[in-house]
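Read-outs throughout are calculated quantities, based only on the coordinates presented, and are distinct from any laboratory measurement. Keep in mind the model is a prediction, meaning the values are calculated, not measured. Backbone-built Cβ (ideal geometry, glycine too); neighbour counts: all protein chains shown.
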Amino acid sequence: MTSAVLAVDQGTSGTKALVICPERGVIGTGFAEVRPRYLPGGRVEADPQGLYDSVVAAGHRALAEAGEPVTALGLANQGETVLAWDRATGRPLTDALVWQDRRAASVCTELADHADELRQLTGLPLDPYFAAPKMAWIRRRLTPDGVVTTSDAWLVHRLTGDAYVTDAATAGRTQLLDLDRAEWSPRALDLYGLSAEHLPEVVDAARPVGTTKVFGYDIPVTGLVVDQQAALLAQRVTAAGGAKCTYGTGAFLLAHTGDTPRRSSSGLVGCVAWRLGGRTSYCLDGQVYTAASAVRWLTGLGVIGGPGDLDRVGGTVPDSGGVTFVPALAGLAAPWWRGDLRGSLTGLGLDTGPGHLVRALCEGLAAQVAELADAAAADLGTPLGVLRVDGGLTRSALLMQTQADLLQRPVEVSELPDATALGVGALARLGADPRLTPADVLPEGKPAAVYEPRVPADAAAERRARFRAAVASMLEGAAV
């Protein structure tokens, strides 16, 4: 019998762990909550020890439920979350600056003249969403000590006691990686004032990097990747032209571009999908900063009781009643890259009720994802076909139907509720047994549901035009 692996997805609001057996599927699950702090001035922080503790707690719970040992561990990470830490002791020297954190905007402003050069070098636009501006900000404002890295390098070091690595896809989220060579860029490091940093070794996504003892026995760590790329792999999008969108804290659309790195001309991010056996695959990436976090915001206002209420409350009205919601509650990401903007809610009247707000939120999220799909199609030179989707918000039939309507394309909902963990679990198996191929380890699965467009193209275009007009109004207001 082929042995099981432990797959851990360390996310923004929690850590999910699965014990995955090739023959029996998921045989153990565990979850541990993470509570980032949302502070004034666009600051978002997390306690690093809390991140690590959540990995250990979720892993222990999954292993306890499975009731059998595992032979390898894979870890997926948040991508752009960074901290400074002491390599000798593993002790954090700062809080973790979460990917949504905007405090490094001043660093980006100073580098504005080099924005095109950095995009050409790294594939990424100049924005505090990425890791390098946060790393530079930490160095300037918080501490010159230790090392400053993305959270995965610290977590792996804590788990193993000695490894100092990051995978190529996560390194590609920093704006310090040469996109063509998948190696650290001396020029980008120089521009950010980080040339003296001792950065982690950039490794393949599937290979042994160390051994952890924190679960009671030796487990090799053999799979590492950033969360969205793990989901792309689990969705079996492994060739140019395929695309998926994950609806989590934010929403993230990735389109595979094969072994060719692309610099987007449509406002997307060109980045590494994964590196396996020394061969790099690439993708285009578009982001919506607030998806489930926007639903939590609506919940906090008392409009709904939680994500499970979207369909019930939204179903009380036939449409948004003229309300338009641009849910840029943490700024607008791709393709606009205006993190300084705040959300807008327009068209309100005395007759506006909770159902209208819910439908306006679903339309706002779906319209942003549709903009990303159009941008990817423009860069690829061909329309996207079916969009494969995963993540917690795909449980909302209202949101998924709205997505299909505005996209005017079928939307396939994955039956894999934990695509990120399943993707990094596949990498852990691949790294533990070099005889395997990616096709051998990817999860099988048919869509849990397929949503076809139910509105004509002109109606979809009208609804999207209304959303674009609201965004244009925000942009004009910010320019005044």
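A few notes on this one:
- Separation of alpha-carbon centers, the stretch 281-298 and the stretch 204-243, rounded to whole Å: 21
- When peptides 102-111, 271-280, 54-63 are sorted by average Cβ neighbour count within 10 Å, with the highest value leading, the order is 54-63, 271-280, 102-111.
- Charged-residue dipole, Cβ positions (Lys, Arg, Asp, Glu), the stretch 5-235 about Cα centre, Debye nearest 20: 500
- Computed over the stretch 1-71, Kirkwood Rh from alpha-carbon pairs, angstrom: 12.8
- Mean residue ellipticity, 222 nm, helices only, the chain: the sum of -39500 (n - 2.57) across DSSP H runs of n ≥ 4, divided by residue count and rounded to 500, is -10500 deg cm²/dmol.
- If R0 equals 25 Å, the separation of the Cβ atoms of residue 53 and residue 3 corresponds to a calculated FRET efficiency of about 0.40.
- Point-charge dipole on Cβ atoms (K/R +1, D/E -1) for the chain, about Cα centre, debye to 20: 320
- Two-site FRET efficiency, residue 458 against residue 346, from Cβ-Cβ distance with R₀ of 30 Å, rounded to 0.05: 0.85
- Quick note on the chain: its Rg to Rh ratio, both from C-alpha atoms and Rh being the Kirkwood radius, is 0.95.
- For the peptides 132-142, 246-256, 210-220, the ranking by mean Cβ contacts within 10 Å, running from highest to lowest, is 246-256, 132-142, 210-220.
- Taking packing as the residue-averaged number of other Cβ atoms within 10 angstrom, the listed peptides 40-50, 162-172 run from highest to lowest as 162-172, 40-50.
- Dipole orientation for the chain: of the candidates 60, 6, 177, 60 has the Cα lying most toward the positive pole (charges on Cβ; Lys, Arg +1; Asp, Glu -1).
- Relative contact order (percent, whole number), the stretch 5-235, Cα cutoff 8 Å, 6+ residue spacing: 19
- Within the shell of other residues whose beta carbon sits under 15 angstrom from the beta carbon of residue 53, the net charge comes to +2, with Lys and Arg scored +1 and Asp and Glu -1.
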